[in-house]
Amino acid sequence: MAKNKNAGHKGSYGYQKLKEREPRACIRFKCALTNTILDILRRRPGWVEVKEEGEWDFYWCDVSWLRENFDHTYMDEHVRICHFRNHYELTRKNCIVKNLKRFRKQIEREAGKLEATKCDFFPKTFEMPSEYHLFVEEFRKNPGITWIMKPVARSQGRGIFLFRKLKDVIDWRKDGIRSDDQKDETQVENYVAQCYIENPYLIGGRKFDLRVYVLVMSYIPLKAWLYRDGFARFSNTRFTLSSIDDHYVHLTNVAVQKTAPDYDPEKGCKWMIQRFRQYMTAKHGAEVVETLFAEMDNIFIKSLQSVQKVIISDKHCFELYGYDILIDQDLKPWLLEVNASPSLTASSQEDYELKCRLLKDTLHIVDMEGRLTGKEKRIGGFDLMWNDGPVSRAEGNVDTPVNESFMANTHLGYNNDRKKQLKQLFKPLHTQQKV
């Protein structure tokens with residue numbers, strides 16, 4: 001049960017605690033969103049929706065509720081919510097830069113410069129306006145290259161612009177307002193100025209990025225799952241650096257692309273990540289693609305480790321992150337950003353089915369029903385990639401020593417035969433419960 005701490009409660013409420021993972025016949029849920037997640041929660045057997053001030057066991061909340069209510073809400077052992085208290089340490093563009101820079105320095109001190117290069121997956125970035133003078137110094141070292149300015153706390157491509165002239169940034173600083181969608185703002189909000197990747201890998205002449213899903217159940221110890229499905233998001237217009245003001249060329253966000261005059265809602269602008277992996281394997285070979293995906297695994301793990309000691313790890317919290325990865329022509333993956341609230345609104349039937357699978361499997365891992373043993377390495381489309389250390393793909397124990405033959409338990413872009421796996425997983429558990 002969850003209830004406001006300030007509200008009076010008597011009797012057994014809050015005192016007679018259930019075992020943390022005891023099977024529950026009825027789960028009361030609240031949901032702040034009205035898209036795919038609400039559909040999934042309403043269809044889940046034994047789950048009952050509660051309204052307004054009703055007591056709940058599970059809440060798919062938005063981040064604004066978290067800011068205003070988390071510290072004032074009493075929660076029993078079994079209660080779960082879908083964000084960590086200070087998730088923004090990973091998902092705000094200025095915070096992730098700060099944390100990655102600090103973590104890289106730590107690795108260099110402890111393990112040397114070579115190991116620290118494994119953190120070099122984030123484009124050179126400066127927080128604005130606080131690091132303006134540092135940015136100007138860097139800008140003058142490399143005149144003529146393209147930079148991208150992003151507001152630290154916005155999404156869906158809002159407020160972003162590309163520039164090559166310092167005058168553009170000086171005007172932005174002076175005015176505090178850059179575009180029409182900022183006219184209601186009275187002060188300069190924080191932005192980051194980031195070195196733009198000028199040589200993106202192109203398919204059909206178009207730029208794309210990858211959306212990948214990572215589920216974190218705990219930060220101390222770090223326990224993270226990687227989903228097998230994801231998608232490539234394409235721009236609607238062929239890539240060129242000669243028109244840096246054209247968002248349809250440079251921004252792959254669906255919210256931007258669907259406003260293009262020639263956007264086709266039936267086709268959309270996405271590939272399933274399995275299709276992308278097959279394409280890359282046919283073009284570059286399995287070994288090269290295996291290396292590329294292993295480097296993406298490194299991005300997921302290192303970025304989570306960079307915030308491990310600053311995120312408040314609360315047993316009531318979990319988080320489904322949406323990672324945005326760009327690949328350049330040298331087949332190097334770059335982390336663009338991490339989203340705490342990845343869009344769960346579907347842009348096509350295929351997209352809806354992907355998000356349904358993703359959310360069902362997320363709920364299986366959160367395991368409000370208390371059906372799991374805690375030793376699982378795969379649940380539906382999720383593979384356990386980190387459990388206070390790397391997880392081996394080999395059968396057997398979750399924790400296997402890392403050696404030359406070690407292969408990480410990640411299967412991004414592989415076949416997602418989740419129904420078969422879930423049937424095998426829950427059948428013996430169901431039999432045990434009957435006994």
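Residue by residue, here is whether (1) at pLDDT 95 or above; (2) out of contact with any helix residue (DSSP H, G or I) (no Cβ under 6 Å at 6 or more places or on another chain) holds:
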site	(1), (2)
Gly204	no, yes
Arg211	yes, yes
Val216	yes, yes
Lys223	yes, yes
Leu226	yes, yes
Gly230	yes, no
Asn236	no, no
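Return yes when Val289 is surrounded by 17 or more Cβ atoms within 10 Å (Cβ to Cβ) and free of Cβ contacts under 8 Å to residues at least 24 places away in the same chain and no when it is not.
Answer is yes for this residue.
So which pairs qualify, if the first residue must be in region 49-74 and farther than 22 Å from Ser343 by Cα and among the acidic types (Asp, Glu), the second must be open to solvent by less than 40 Å² (accessible area, probe 1.4 Å) and assigned to a loop (DSSP other than H, G, I, E, B), the Cβ gap must be under 6 Å, and the two must be at least 6 apart or on different chains?
These pairs meet every condition: Asp57/Val79.
Which condition does Phe126 not pass, out of (1) of a type outside the set (D, E, K, R); (2) over 14 Å from Gln194 (Cα atoms); (3) touching a strand residue (DSSP E or B) at 6+ places or on another chain (Cβ under 8 Å), if it passes all the others?
It is condition (2) that Phe126 fails.
Could you tell me whether region 355-378 includes any residue that is in a strand (DSSP E or B), more than 30 Å from Gly205 (Cβ to Cβ) and touching a strand residue (DSSP E or B) at 6+ places or on another chain (Cβ under 8 Å)?
yes
Identify, by number, the condition in (1) open to solvent by less than 30 Å² (accessible area, probe 1.4 Å); (2) part of a loop (DSSP other than H, G, I, E, B); (3) modelled with pLDDT of 90 or more that Ile244 doesn't meet.
Result: Ile244 passes all but (3).
Return yes or no: is Glu395 farther than 23 Å from Ile299 by Cβ and modelled with pLDDT of 90 or more?
It is false that Glu395 is farther than 23 Å from Ile299 by Cβ and modelled with pLDDT of 90 or more.
In region 167-201, which residue that is at pLDDT below 70 and part of a helix (DSSP H, G or I) is surrounded by the fewest Cβ atoms within 10 Å (Cβ to Cβ)?
Per the criteria, the residue is Asp180.
Looking at region 102-154 only, could you name the residues that are buried (at least 18 other Cβ atoms within 10 Å of the Cβ) and either of a type in the set (Asp, Glu) or over 25 Å from Ile299 (Cα atoms) (or both)?
Glu127, Phe139
Determine whether region 68-80 contains at least one residue that is of a type outside the set (Phe, Trp, Tyr), modelled with pLDDT of 95 or more, in a strand (DSSP E or B) and surrounded by 15 or more Cβ atoms within 10 Å (Cβ to Cβ).
Looking through region 68-80, at least one residue is of a type outside the set (Phe, Trp, Tyr), modelled with pLDDT of 95 or more, in a strand (DSSP E or B) and surrounded by 15 or more Cβ atoms within 10 Å (Cβ to Cβ).
The values are calculated or read from the model by the stated rules, or taken from the named source; none is laboratory data. Owing to the predicted nature of the structure, the values given are computational and were not obtained by experimental measurement. Positions of Cβ are generated from backbone atoms using ideal geometry, with glycine treated the same way; all protein chains shown enter the neighbour counts. Accessible surface is based on the protein model in full, side chains and every heavy atom, while ligands, DNA and RNA are left aside. Shrake-Rupley method; radii C 1.70, N 1.55, O 1.52, S 1.80 Å.
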